[in-house]
Amino acid sequence: MRAAITAVGGYVPDKVLSNKDLEKLVDTSDEWIQSRTGIKERRVMAEGTATSDICVQAVNQILEKRGISATEIDLVIVATVTPDHVFPATANIVSDKIGATNAWGFDLSAACSGFLYALDTGAKFIESGKHKKVLVCGADKMSAIVNYEDRNTCVIFGDGGGAVLLEPCDDENGIIDSILKSDGSGRAFLHQKAGGSMHPPTHETIDAREHYVHQEGKTVFKFAVTNMAEVSRDIMDKNNLTGDDVDYLCAHQANLRIIDATARRMELDDEKVLINIERYGNTTAGTIPLLFWDFEKKFKKGDNIVLAAFGGGFTWGSVYLKWAYNS
Ligand code: ACO
């Protein structure tokens, strides 16, 4: 039995933070940001809101579209690096807020690859026959951990995310294959130093600004280009797909140049490469479900779609699926 995505939802907050706005905060320019990343603006959540609020908005759209009650949900997985709290899991909070009283759930931390890891994990519970309805959310309130005095990172990240419903599928569509990878030695180049058990919060860690994202952009860029392109090519070769066979690439929206390199390696025409980085920036675990949300109307039943991501950890991977419905 296969697991198929049967509905998608998404959410970004209303407040826009443009490149021009950032020019007032740090020494940067709209031209620099657009030429290096492809980003024009990103969204920022209001104070007093959290990652669970992104998930709830997205999930409520799904429940309405499918005409189902939250009590029918078996499992909620939330991929995020910005959970509402260290514990309990954001998945529990989402379940409570939507009224999924029969579900269990957990959070999954794999940075920008989080949604792919969570999608593959959720699919296993459907394939095994254990569950019939699994919600997979990918969402991040990156503004909670971005230092708006650090031009290396504050221009990149934004807030937002989305969710998908996984259900059993008895035709040839659904999630077909995945290749997921990790290399913990990459942790030095992209991490949040303090706030965990290694460096619990103290006045010193706050003063040293160690609760914010630290990224060595050049090194991460190098690993991301190589690994995202390679793993996407690998999943095509493993499934005997040529560039002509692939209908769409939904790649993690970290940097337009990384996405371009991946598309070139896959030998894809430009119109097959879905892009929305210019509007939302890098929403970490949120980018791939936000692509589904924005481009759902393009997808036809049976379309071959390749998902690809690279992120902190390092983590990376690729998923091959056949879209399961016409909207
Ligand atoms: N505005 C102006 N100048 C800047 C800015 C900025 N916002 N940020 C950095 N610079 C400067 C640097 O200080 C450097 O100056 P120097 O040469 O005087 O030292 C210069 O611009 C060039 O910096 P580079 O780092 O070489 O710029 P690069 O072309 O590599 O682009 C970027 C930087 C966009 C961060 C790129 O490296 C990148 O996209 N990296 C990968 C990001 C990524 O994919 N992350 C993974 C996912 S994120 C996650 O998992 C949470």
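Laboratory data are not the source of any read-out in this text; all were calculated from the coordinates shown. Worth saying up front: this structure is predicted, and the values here are computed from it rather than measured. Cβ coordinates were reconstructed from backbone atoms using ideal geometry, including for glycine residues, and neighbour counts include every protein chain displayed.
Here are a few things to note about the model shown:
- Counting every C-alpha pair in the stretch 175-322, the share spaced more than 18 angstrom apart comes to 59%.
- Gyration tensor (alpha-carbon) shape descriptor, the chain, a/c threshold 1.5: oblate
- Partnerless cysteines, meaning none of the other Cys C-beta atoms lie under 4.7 Å away, in the chain: C112, C154, C169, C250
- Note on D237 and S29: their simple-model spin labels are 4.2 nm apart, each label 7 Å out from Cα toward Cβ.
- Added length on full extension, which subtracts the Cα-Cα distance from 0.36 nm per residue, V86 to D177: 29.6 nm
- In this structure, the amide hydrogen of G38, modeled 1.01 Å from its nitrogen in the peptide plane, lies closer than 5 angstrom to those of L256, counting only residues at least 5 positions away or on a different chain.
- Label positions at K130 and T226, each projected 7 Å from the Cα along the C-beta direction, are separated by 3.6 nm.
- Averaged over residues, the count of other Cβ atoms within 10 Å places the peptides 230-241, 311-322 in the sequence 311-322, 230-241, highest first.
- In plain terms, the chain from T219 to S185 could stretch by 11.0 nm, reckoned as 0.36 nm per residue minus the Cα-Cα distance.
- Distance from the alpha carbon centroid of the stretch 3-51 to that of the stretch 269-327 works out to 17 angstrom.
- Count Lys and Arg as plus one, Asp and Glu as minus one, and take only other residues whose Cβ is under 15 Å from that of S95; the net charge is then -4.
- Using the Cβ-Cβ distance between N102 and Y325 with R0 set to 22 Å, the FRET efficiency works out to roughly 0.35.
- Modelled spin-label separation between T49 and K301, with each label point placed 7 Å from Cα along the Cα-to-Cβ direction: 3.6 nm.
- Cross-link pairs beyond the 30 Å C-alpha cut-off, checked among K24/K65; K65/K272; K132/K297; K133/K301: K24/K65
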